[in-house]
1. Which of the residues belonging to the range 172-200 are of a type in the set (Ser, Thr, Tyr) and either within 18 Å of Val134 (Cα to Cα) or more than 16 Å from the ligand (Cβ to nearest atom) (or both)?
2. Does the range 267-278 include one or more residues that are open to solvent by 20 Å² or more (accessible area, probe 1.4 Å) and of a type in the set (Gly, Ala, Ser)?
3. Counting only residues that are closer than 27 Å to Ser348 by Cβ and open to solvent by 20 Å² or more (accessible area, probe 1.4 Å), give me the helices (runs of 4 or more DSSP H) lying completely in the range 1-116 with at least 2 of them.
4. Cβ-Cβ distance below 7 Å, separation of 6 or more or different chains: which pairs start in the range 324-349 with a residue that is free of Cβ contacts under 8 Å to residues at least 60 places away in the same chain and end on one that is surrounded by 20 or more Cβ atoms within 10 Å (Cβ to Cβ) and in a loop (DSSP other than H, G, I, E, B)?
5. Which one of these is within 16 Å of the ligand (Cβ to nearest atom), within 25 Å of Ala137 (Cβ to Cβ) and assigned by TED's automatic domain parsing to the domain that holds Asp33: Phe360, Phe335?
6. Out of the range 296-322, which residues are surrounded by 20 or more Cβ atoms within 10 Å (Cβ to Cβ) and among the polar types (S, T, N, Q)?
7. Take Ala147 and decide whether it is within 16 Å of the ligand (Cβ to nearest atom) and either under 23 Å from Ala249 (Cα atoms) or small (Gly, Ala, Ser) (or both).
8. Filter the range 130-149 down to residues that are touching a Leu at 6+ places or on another chain (Cβ under 8 Å) and open to solvent by less than 50 Å² (accessible area, probe 1.4 Å) and give me whichever is farthest from Ala304 (Cα to Cα).
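The values are calculated or read from the model by the stated rules, or taken from the named source; none is laboratory data. All values reported here derive from a predicted model rather than from experimental measurement. Cβ sites come from the backbone with ideal geometry, for glycine too, and all protein chains shown count toward neighbours. What goes into the accessible areas is simple: the full protein's heavy atoms, side chains included, and nothing from ligands, DNA or RNA. Shrake-Rupley method; radii C 1.70, N 1.55, O 1.52, S 1.80 Å.
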Amino acid sequence: MTQFDQQIDRTGTNSIKWAVKPGELPMWIADMDFKTAPAIIAAMTKKVQFGVFGYEEPPAAYFTAVADWYAQQHGARPEPAWMLYCTGVIPAVSSLVRRLSHPGDNVVVQAPVYNMFYHSIENNGRHTLSSDLVYDAAAGRYHIDWADLEQKLAAPLSTLMILCNPHNPIGKAWSKAELTHIATLCLKHHVVLLSDEIHGDLVFGAPAYTPVFALPQPLRDNAVICVSPSKTFNVAALHAATVIVPGQALRDSATRALNNDELAEPNLLSLPGSIAAYTQGAAWLAALKQVLAANRAHVQDFLAAKVPQIRPAFENATYLLWLDISALGTTSDAFCAFLREHTGLILSAGGEYRGNGAQFIRMNIACPAAMLDDGLARLARGTQLFLEQNQ
Ligand SMILES: Cc1ncc(COP(=O)(O)O)c(C=O)c1O
């Protein structure tokens, strides 16, 4: 028995995911049902026991820890001088939308994409302009329509693009060639590239995750990259992120954005927690990735054998599996409501990610194997019942 087999009762812990009725099984929001790495818990415990919690600022050791992590894990070392601390990736994205674009501007995205991007854009009075990813139903894969993306970036009011690298919810790590192409188009059309790389550590096989800060100049100087230990180490409530801005002019703007919005001060656990994650977490992450890889493979085998009506459409990134339900002839909202009502299984309805998302569901498989088996059994039972009632 490893720590990844341990089933932890998270009800009554203020967890958003586990605010459920008795018997329900939540497999939606992007956190994991695993304890974080022991080294992180030890560092945070030490801090709590110290007992004096005045104002703090990130030390050089924080930025060095981030830089070394990317060098070791991903073969590209961002300069510590490029980095800014922020209290989360979405706080940074919203703040940068306000600073790097104007009300009424277009912000380009690639739907279906992480739903919070739409909030960051539209709650700030900007217009979402999506270059929808193109779905090849036969292959169960998406690709970029390059002509459409260029046309949308070239529109006079397009000033910012928010990229998801790797891409949630379709679970795709963009290749270096694709990223170079995107960054080149952004530069050509004077659109700043804001790359959310929160899922970068959770990539399985090729293509590897390429951080946008690793692209050559002048591409990287036109980009802002957001990273965080929160998905990798299951520390979402730590509210810690790093904004990496290689270009000096853009970095000055980003610094103003985060300071004006008061997002640049760490909470008492974010520095020790993040430093421990980045300096001592590699072995834990390697073990986690083995478990996630096994879970991903198990879902694929299970669906092929037991629920062929639901087709995997995810690629090699994240623990969020994008599943095609178009064969059921319904919408993701209706099917998710049906599953919850009849089996207690709670999944994300793909429609909230826009694009063609309404024919997909998203399943979070970052949980112990026994919990995954429970979820899959509910999914199979629910699908069977749905087909019986609707055919
Ligand atoms: C692509 C992406 N960005 C950002 C976040 C949230 O980041 P934070 O909690 O740091 O605001 C998530 C969480 O699911 C995500 O999937």
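1. Residues of the range 172-200 that are of a type in the set (Ser, Thr, Tyr), as a first pass: 175, 180, 184, 195.
Once the filter is applied, which keeps residues that are of a type in the set (Ser, Thr, Tyr) and either within 18 Å of Val134 (Cα to Cα) or more than 16 Å from the ligand (Cβ to nearest atom) (or both), the range 172-200 yields Ser175, Thr180, Thr184.
2. Residues of the range 267-278 open to solvent by 20 Å² or more (accessible area, probe 1.4 Å): 267-269, 272, 275.
So of that shortlist, the ones also of a type in the set (Gly, Ala, Ser) come out as none.
No, every residue in the range 267-278 fails to be open to solvent by 20 Å² or more (accessible area, probe 1.4 Å) and of a type in the set (Gly, Ala, Ser).
3. On the way: elements: 38-50, 60-74, 89-100.
Fully inside the range 1-116 and qualifying: 89-100.
4. Pairs that qualify, where the first residue is free of Cβ contacts under 8 Å to residues at least 60 places away in the same chain and the partner is surrounded by 20 or more Cβ atoms within 10 Å (Cβ to Cβ) and in a loop (DSSP other than H, G, I, E, B), are Ile325/Ile310; Ser332/Ile325; Phe335/Ile325; Cys336/Leu347; Leu339/Leu347.
5. On the way: Phe335 fails: within 16 Å of the ligand (Cβ to nearest atom).
Only one candidate qualifies: Phe360.
6. Scanning the range 296-322 gives a single hit, Thr318.
7. Working: within 16 Å of the ligand (Cβ to nearest atom): no; either under 23 Å from Ala249 (Cα atoms) or small (Gly, Ala, Ser) (or both): yes.
The answer is no for Ala147.
8. The selected residue is Leu149.
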